[in-house]
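Visitor: Input: one structure, supplied below.
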Amino acid sequence: MTHMHVAGSIHADATSAAPVWLEKPTDANALVDGLWSGTAVRGAGGEMHLGGLPVTEIIEQAGSPVYVIDELDFRGRALTWAEAFEGWKVYYAGKSFLSGTIARWVQEEGLNLDVCSLGELTVALRAGFDAARIGLHGNNKSEELLRLALTAGVGRIIVDSADEIARLERLGAELSVRPDVLIRVTTGVEAHTHEYIATAHEDQKFGFSISGGQALVALVRCHGSAQVNLVGIHSHIGSQIFDTNGFEVATRRTLRLMSQFKEATGVALPELDLGGGFGIAYTTDDSPATAHDLARGLAEIIDHECRAFGLERPLLSIEPGRAISGPAGTALYTVGTIKDVELGGGQSRRYISVDGGMSDNIRPALYAAEYSAVIADRVSDAAPTLSRVVGLHCEGGDILVRDTFLPRDIRIGDVIAVPGAGAYSRSMASNYNHTPRPPVVAVRDGRVATIIRRETLDDLLALDAGLE
Ligand SMILES: *Cc1c(COP(=O)(O)O)cnc(C)c1O
């Protein structure tokens, strides 16, 4: 669904500036099902607990703002995806959030790992992640990155361009290795939440076009190469996908390509990767399918299309990132300033400024992503009031939660919790306005463990060659 309110469409009810999808809650303190990590509860006194710890205790130990990863929730989701997709290979997409600890959890839960940069690959290898279970992505992999991947024995490389094939062949010959490769194709399908569009034409930087014929050419070239071992095709259609609709056309186009390749060479490609992008609930407006429902739906689509093309079912893989890391993470902020702004027509909007912002979560500013929030240090039965949670940066678009209902008596010093903060928050964080990035901590059984320590002003100043 396209959120029209982003462009300014507001509720027909003239007394509310809330977007149509956002209902005024009867209880603004409620931790709505499906939004929060598994151990998030309100304790006896009303304070929110994560991993068995009151949020104020987490902040006392780790400071504010802070990203809190619920370890049991993260591990549980990883395992759920592995179990739902039994017989498939499941790659956790490290770009959603990766650190040494996360890489170890992913390995311990039996998943494979996707990386797409020199930094991510280095983190994974340093964490002791089995290189054979790593997939390497990227549309412009440097020679240094490819060299590291080849010498470390990365399990598969998802090839994105003709230049990369040439680079791999040269490095493979030099290093005497023959890596397994998948060819990344573009199917013309672009999925976004409930909607997807399917076109014949693709106008973007990733992969080889199926409709343009480059994909088949690349497959045939790799098939004939002494330096790379072609194992299959990769297709990734988008993000925040809630159901299997978008996969139908993409899978048909991909399997048709497999059958064309078979006609051309007599060889059936053994592997097909359907990519990631499985959605999560950031607000009450989102209703993602479960991993088990997706597994069933995708298997049906594959089997149906394989029959149609007379192909054996290939070895399948998927690459969920956000669906594992997102809901496991909660961002905690502290309220610093509260302002009521008159909108005219008797409407007003409350702006609640917290000690973080677009530097720790760029998604609202970048994609108009929606989030929700609650007061976490206490409960309140004051009237739910339409509020906007904003950051401390010098940008009007520095919004963390565009629209949410928070109790009217919110005050300076209150802790605000934002769910869905485990994915694409710390991993996309910046130092805008010379803001040090918040730490990431794991909570489990009443204990806090640092995953990534808080950046300090000294860390930032140390990079500045003009300062002593
Ligand atoms: C981003 C990406 C993913 C993961 O997307 P999520 O929305 O986090 O599941 C998987 N595969 C590829 C190729 C990607 O680019």
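Visitor: Quickly run through the stretch 102-113 and pick out the residues that are in contact with a helix residue (DSSP H, G or I) (Cβ under 9 Å, 6 or more places away or on another chain) and either open to solvent by 10 Å² or more (accessible area, probe 1.4 Å) or more than 12 Å from the ligand (Cβ to nearest atom) (or both). Lay out the reasoning, then the answer.
Guide: Initial filter on the stretch 102-113 (in contact with a helix residue (DSSP H, G or I) (Cβ under 9 Å, 6 or more places away or on another chain)): 102-103, 105-113.
The answer is Ile102, Ala103, Trp105, Val106, Gln107, Glu108, Glu109, Gly110, Leu111, Asn112.
Visitor: Can you pull out every residue in the stretch 315-332 that is among the polar types (S, T, N, Q), more than 8 Å from the ligand (Cβ to nearest atom) and either part of a helix (DSSP H, G or I) or buried (at least 24 other Cβ atoms within 10 Å of the Cβ) (or both)? Outline the logic, then answer.
Guide: The first filter runs over the stretch 315-332 and keeps only residues among the polar types (S, T, N, Q), leaving 317, 325, 330.
From what's left, more than 8 Å from the ligand (Cβ to nearest atom): 317, 330.
Within the stretch 315-332, just Thr330 meets the criteria.
Visitor: Check the stretch 172-180 and report whether any residue there is within 14 Å of the ligand (Cβ to nearest atom), modelled with pLDDT of 95 or more and of a type outside the set (S, T, N, Q). First the steps, then the outcome.
Guide: Step one: filter the stretch 172-180 for residues within 14 Å of the ligand (Cβ to nearest atom), giving none.
Looking through the stretch 172-180, none of the residues is within 14 Å of the ligand (Cβ to nearest atom), modelled with pLDDT of 95 or more and of a type outside the set (S, T, N, Q).
Visitor: Just the residues that are open to solvent by 20 Å² or more (accessible area, probe 1.4 Å) and part of a loop (DSSP other than H, G, I, E, B), please, taken from the stretch 208-240.
Guide: Of everything in the stretch 208-240, those that are open to solvent by 20 Å² or more (accessible area, probe 1.4 Å) and part of a loop (DSSP other than H, G, I, E, B) turn out to be Ile210, Ser211, Gly212, Gly213, Gly224, Ala226, Gln227, His236.
Visitor: Would you check if there is a residue in the stretch 246-261 being open to solvent by 20 Å² or more (accessible area, probe 1.4 Å), in contact with a strand residue (DSSP E or B) (Cβ under 7 Å, 6 or more places away or on another chain) and either within 16 Å of the ligand (Cβ to nearest atom) or assigned by TED's automatic domain parsing to the domain that holds Gly297 (or both)?
Guide: Taking every residue of the stretch 246-261 in turn, at least one turns out to be open to solvent by 20 Å² or more (accessible area, probe 1.4 Å), in contact with a strand residue (DSSP E or B) (Cβ under 7 Å, 6 or more places away or on another chain) and either within 16 Å of the ligand (Cβ to nearest atom) or assigned by TED's automatic domain parsing to the domain that holds Gly297 (or both).
Visitor: Please go through the stretch 190-206 and pick out each residue that is open to solvent by less than 100 Å² (accessible area, probe 1.4 Å), within 13 Å of the ligand (Cβ to nearest atom) and outside any loop (DSSP other than H, G, I, E, B).
Guide: Hits for the stretch 190-206 are Ala191, Thr193.
Visitor: So which residues in the stretch 271-290 are among the small types (Gly, Ala, Ser) and closer than 16 Å to Ala191 by Cβ, if there are any at all? Spell out how you get there, then give the answer.
Guide: Residues of the stretch 271-290 that are among the small types (Gly, Ala, Ser), as a first pass: 275-277, 279, 281, 287, 289.
Across the stretch 271-290, the qualifying residues are Gly275, Gly276, Gly277, Gly279, Ser287, Ala289.
Visitor: Could you give every pair whose Cβ atoms fall below 6 Å, whose first residue belongs to the stretch 291-310 and is within 28 Å of Ala78 (Cβ to Cβ), and whose second residue is hydrophobic (A, V, I, L, M, F, W, C) and not in a helix (DSSP H, G or I), counting only separations of at least 6 or pairs across chains?
Guide: Listed pairs, sorted by first residue: Ala295/Phe85.
Visitor: Still on this structure: What pairs come out if I take residues in the stretch 440-468 that are basic (Lys, Arg) and pair them with residues that are modelled with pLDDT of 95 or more whose C-beta lies under 7 Å away, six or more apart or interchain?
Guide: Final answer for the pair search is Arg444/Gly51; Arg444/Glu71; Arg444/Leu72; Arg453/Pro439; Arg454/Gly63; Arg454/Pro436; Arg454/Pro438; Arg454/Pro439.
Visitor: For the stretch 39-48, what are the residues that are free of Cβ contacts under 8 Å to residues at least 60 places away in the same chain, open to solvent by 60 Å² or more (accessible area, probe 1.4 Å) and small (Gly, Ala, Ser)?
Guide: Taking the stretch 39-48 as the starting set, the residues that turn out to be free of Cβ contacts under 8 Å to residues at least 60 places away in the same chain are 41, 43-44.
Narrowing further to those that are open to solvent by 60 Å² or more (accessible area, probe 1.4 Å): 41, 44.
Correct list: Ala44 only.
Visitor: Working only within the stretch 429-457, note down all residues that are in contact with a strand residue (DSSP E or B) (Cβ under 7 Å, 6 or more places away or on another chain), surrounded by 21 or more Cβ atoms within 10 Å (Cβ to Cβ) and part of a loop (DSSP other than H, G, I, E, B).
Guide: Pro438, the sole residue that qualifies.
Visitor: Given the criteria acidic (Asp, Glu) and open to solvent by 50 Å² or more (accessible area, probe 1.4 Å), does Glu300 qualify? Walk me through how you get there before you give the answer.
Guide: Working: acidic (Asp, Glu): yes; open to solvent by 50 Å² or more (accessible area, probe 1.4 Å): yes.
It is true that Glu300 is acidic (Asp, Glu) and open to solvent by 50 Å² or more (accessible area, probe 1.4 Å).
Visitor: Out of the residues in the stretch 417-428 that are open to solvent by less than 20 Å² (accessible area, probe 1.4 Å) and assigned to a loop (DSSP other than H, G, I, E, B), which is nearest to the ligand (Cβ to nearest atom)?
Guide: Checked the stretch 417-428; the qualifying residue nearest to the ligand (Cβ to nearest atom) is Ala423.
Visitor: Look at the stretch 341-361 and say how many of its residues are without any contact (Cβ under 8 Å) to a residue 40 or more places away in the chain and over 13 Å from Thr385 (Cα atoms).
Guide: Number of matching residues: 3.
Visitor: Which one is surrounded by the most Cβ atoms within 10 Å (Cβ to Cβ) among residues in the stretch 384-408 that are in contact with a strand residue (DSSP E or B) (Cβ under 7 Å, 6 or more places away or on another chain), in a loop (DSSP other than H, G, I, E, B) and not charged (D, E, K, R)? Lay out the reasoning, then the answer.
Guide: The initial filter retains those residues of the stretch 384-408 that are in contact with a strand residue (DSSP E or B) (Cβ under 7 Å, 6 or more places away or on another chain), namely 384-392, 398-408.
After this cut, where a residue has to be in a loop (DSSP other than H, G, I, E, B) as well, the list is 391-392, 398, 408.
With not charged (D, E, K, R) added as a condition, the list becomes 391-392.
Working: Gly391: 26, Leu392: 18.
Once the filter is applied, the top-ranked residue is Gly391.
The values are calculated or read from the model by the stated rules, or taken from the named source; none is laboratory data. These figures come from a predicted structure and were not determined experimentally. Quick reminder, even Gly has a Cβ in these numbers, built from the backbone with ideal geometry, and neighbours come from all protein chains shown. Accessible surface is based on the protein model in full, side chains and every heavy atom, while ligands, DNA and RNA are left aside. Shrake-Rupley method; radii C 1.70, N 1.55, O 1.52, S 1.80 Å.
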